[in-house]
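> If you scroll down you'll find the structure; I have some questions about it.
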């Protein structure tokens, strides 16, 4: 039993690193505290408790985690400091060695955070509670509203793929998911709050159903019937799990937007095989073509890892040509990062950091061209935009159905409203489409 007196009239500070899933979970943790009378700290106040939700997808992410932890310890002297998330799960000793940290919780433990706090007194010796990745099987529901208009609904967690470069299965555990009934209820709550757009998040959302015997397509169809929600977006889905029936359904749905984010990771079959990805370039191209045939206006974002072990100059050139040939809208480019304990470390050929940097730059330039080309196709056309609140000034932002970011002069009272606009011109400096209200 949690002693509510421990938490009464306390203030908490939160910081989240990494993916949308982390942001959703931090929001749920904050709700747990608020239900026990722990309110978010105001600007300029010192918090009684600090919660930092970490990422460990790259070595740079690890470094940033350590920086943020130290910064928040300094900004909130005397606060009880809790570190959760992937970095906490994978490297608890590294976290407990940071002076000022009091509690470290792994993937299985973090959503039960209140049960690990007896009081807010600093600890002489920090505690760490983590579980082996095979034991991380609990699914915790979380749905959060971001700083903008969109809500993020966690539908799945964990991954069973064990790609050679990746530590996510060790950080997040096995693939598991919520029930369709409960997730529909969560979407209905969003609608009751006035939310209009939900992003479906997870580690491997297309793998939905492992623990309930359903499919991701079953979930899509169920959510499509929720009254009040006007837009859904799928955060990311593996190409081998993006079925033709899902693509066809989205093309006819009024609620699921023509917007896909599909990880490629490598543009050559040789490197895909080294990565132990579950598709080849032929399948990936086929999926892109199927999307564009059904929805020529669809926005497609693609993840690419550059400079993975085994990617020779010749294989990178092959990958570049393949990616250049794809009708996609944007690339999310990541330099390969060596992760301790991964099978990729057994691959002999290592790409030098400077070469990785040069390849990243080349692909980012390609992405900029593809994005500009995609945006300019829609100059002079009308579109529906869900406006997001503006922190200052008269300019508001929002996204079209096919994920074109729009800037328009509008009344702040139109926040969270879908409006009709004329897309006038693409601004490459701000990477937004300048529009006017109709």
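> Quick check on the range 263-286: of everything there that is surrounded by fewer than 22 Cβ atoms within 10 Å (Cβ to Cβ) and within 19 Å of residue 371 (Cα to Cα), which residue is nearest to the chain's Cα centre (by Cα)?
263
> With 315, 242, 264, 272 as the choices, which residue is touching a helix residue (DSSP H, G or I) at 6+ places or on another chain (Cβ under 8 Å) and in a strand (DSSP E or B)?
Result of the check over 315, 242, 264, 272: 264.
> Separate question: Starting from residues that are farther than 24 Å from residue 169 by Cβ and free of Cβ contacts under 8 Å to residues at least 60 places away in the same chain, keep the ones in the range 117-142 and report whichever is farthest from the chain's Cα centre (by Cα).
The residue in question is 124.
> Can you find even one residue in the range 375-397 that is over 22 Å from residue 438 (Cα atoms) and not assigned by TED's automatic domain parsing to the domain that holds residue 234?
yes
> Hey, another quick one. Just checking, does the range 405-417 include any residue being in the same structural domain as residue 167 (by TED's automatic domain parsing), closer than 19 Å to residue 301 by Cβ and under 21 Å from the mean Cα position of the chain (by Cα)?
No; the residues of the range 405-417 include none that is in the same structural domain as residue 167 (by TED's automatic domain parsing), closer than 19 Å to residue 301 by Cβ and under 21 Å from the mean Cα position of the chain (by Cα).
> Still on this structure, please answer the following. For residues in the range 292-306 being over 14 Å from residue 370 (Cβ atoms) and buried (at least 23 other Cβ atoms within 10 Å of the Cβ), which is nearest to the chain's Cα centre (by Cα)?
305
> Filter the helices (runs of 4 or more DSSP H) completely within the range 55-129 down to those with at least 2 residues that are over 30 Å from residue 336 (Cα atoms).
59-75
> Something else: Answer with yes or no whether residue 51 is within 30 Å of residue 190 (Cα to Cα), surrounded by 20 or more Cβ atoms within 10 Å (Cβ to Cβ) and touching a residue at least 12 places away in the same chain (Cβ under 8 Å).
Criteria met by residue 51.
> For the range 176-189, does any single residue satisfy the condition of being assigned to a loop (DSSP other than H, G, I, E, B) and in contact with a strand residue (DSSP E or B) (Cβ under 8 Å, 6 or more places away or on another chain)?
Looking through the range 176-189, at least one residue is assigned to a loop (DSSP other than H, G, I, E, B) and in contact with a strand residue (DSSP E or B) (Cβ under 8 Å, 6 or more places away or on another chain).
> Taking the range 191-222, which residues are in a helix (DSSP H, G or I) and either more than 21 Å from the chain's Cα centre (by Cα) or closer than 23 Å to residue 138 by Cβ (or both)?
191, 192, 205, 206, 207, 216, 218, 219, 221, 222
The values are calculated or read from the model by the stated rules, or taken from the named source; none is laboratory data. Because the structure is predicted, anything quoted here is derived from the model rather than measured. Glycine gets a Cβ as well: all are built from the backbone with ideal geometry, and neighbour counts include every protein chain shown.
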